[in-house]
């Protein structure tokens with residue numbers, strides 16, 4: 001049989017005990033940092049970007065895209081994104097662009113007259129507008 005150990009000293013809580021803080025409470029400065037970071041992730045990047053390769057192709061073919069062009073591209077990408085597209089052909093006057101809709105990035109560009117065949121896309125859209 002095991003004999004219980006009796007202490008001659010009573011056990012009392014002391015002020016020197018390290019207590020864990022409530023994990024649900026967050027320091028004010030850190031909390032504002034977290035909220036700001038969450039805002040950035042809640043609103044995905046809405047800007048369409050042009051990859052380095054696509055920019056080289058645009059320059060090579062003598063194309064430049066102004067703010068109006070970028071706005072029209074943005075609208076096209078948003079339309080395609082809403083329909084679940086992943087990789088798309090965007091036709092804009094005499095310009096053909098291949099874009100990753102998920103990344104909102106134009107991957108490559110070429111003259112639409114030079115386009116023979118396009119593979120690995122799941123959608124296409126034509127932008128109505130004159131450049």
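Readers should treat all values here as calculations from the given coordinates under stated rules, not as data from a laboratory. Keep in mind that this is a model prediction, so the values were computed, not measured.
General remarks:
- On full extension, the segment bounded by residue 91 and residue 124 gains 11.1 nm, given 0.36 nm per residue less the C-alpha separation.
- Placing one equal scatterer on every Cα of the range 47-131 and applying the Debye formula, the log10 ratio I(q)/I(0) at q = 0.12, 0.14 Å⁻¹ is -0.29, -0.40.
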